[in-house]
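Remarks on the structure that follows.
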Amino acid sequence: MNPQTTYRNCPACNSTAVLGLEKFSKDIWKIAECSVCHFVFLENPVKYKALEEDFSWEKTFWLEDGERKKKRGMVKRAAYYLRILGYTLKANPQTKYLKLLGAGSILDIGCGDVVRWTAPFIPFGIEVSKHLHALADAKMRALGGECYQGSGAEIIFKLKKNHFDSVMMHSYLEHEIQYRELLEGCFRCLKPGGKAFVRVPNYGSLNRRVSGAKWPGFRYPDHVNYFTQHSLRAAAQEAGFQCKITNKAKIWLDDNIQALLTKPATT
Ligand SMILES: [Zn+2]
């Protein structure tokens, strides 16, 4: 399959001065570092139209996962399944997020076909894959919400201003080509005082430095932005949010960054 790709400047500062990182690039996918702000990103992401069907996340994820499993040794494979089991046994994450975000309407961006939120949340979502969107929309409507189909950075500006109580971006922002616009859109559609939760892979982690090109945060072509806590905070503040890194204490050991963004009550 020959995907339609597009080239972009540094998505963080719009500079055209970028340095290709051959050691992290793979097949046709070019990872680059901005020479001005040092943000690392995929230079030639797949166009949104292809993400709607042929290159949708659910297809590329399983392809990539199959490749990774073949390469894994037995010990690593056992560790992988233990981790999956750990996730399954964990308490319902809804309790954790209720404390962080409060109840009410929640917009889950890049929700896939999963509805993670039930009462007292009212689940809304945005999903680019047409197939997954149809599944999520039916489930969300049954719970009083709705799912919107399209690319996050475009759809979000069609939603009502000051409307949602909270926004969830769990493993989403690393996929979003126009992440700065997306954050602006989140700020716009949240009620004053509303909160957004973000979880992205941590390019600044120790594991990334040790693992090099084998770091599991590299996913081609799904992940298009490689954040550090500093670049994530800068993007959030530029959109108008107050930003709190919630796993700051052990961030250098953590392969993910978690952040709570707050829209000030008076803007
Ligand atoms: Zn830059």
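Looking at G144, G150, which one is modelled with pLDDT of 95 or more and more than 20 Å from P192 (Cβ to Cβ)?
G144
Under 8 Å between Cβ atoms, at least 6 apart or on separate chains: pull out the pairs that start in region 38-53 with a residue that is more than 15 Å from Y7 (Cβ to Cβ) and end on any residue that is within 16 Å of the ligand (Cβ to nearest atom) and modelled with pLDDT under 95.
none
Considering only residues of region 206-228 that are among the polar types (S, T, N, Q) and surrounded by fewer than 21 Cβ atoms within 10 Å (Cβ to Cβ), which is nearest to Q178 (Cα to Cα)?
T228
Between a first residue in region 15-27 that is under 17 Å from R219 (Cα atoms) and a second residue that is exposed (fewer than 11 other Cβ atoms within 10 Å of the Cβ), which pairs have beta carbons less than 7 Å apart while being 6 or more apart in sequence or on different chains?
K23/G212
Quick check: anything in region 37-57 surrounded by fewer than 17 Cβ atoms within 10 Å (Cβ to Cβ), within 16 Å of the ligand (Cβ to nearest atom), under 22 Å from F227 (Cβ atoms) and at pLDDT 95 or above?
yes
Across region 1-36, which residue is farthest from the ligand (Cβ to nearest atom) among those that are surrounded by 15 or more Cβ atoms within 10 Å (Cβ to Cβ) and of a type in the set (G, A, S)?
By that ranking, first place goes to S25.
The values are calculated or read from the model by the stated rules, or taken from the named source; none is laboratory data. What you see is a predicted model; the values in this text were computed from it and never measured. Glycine also receives a Cβ, built like all others from the backbone with ideal geometry; neighbour counts cover every protein chain displayed.
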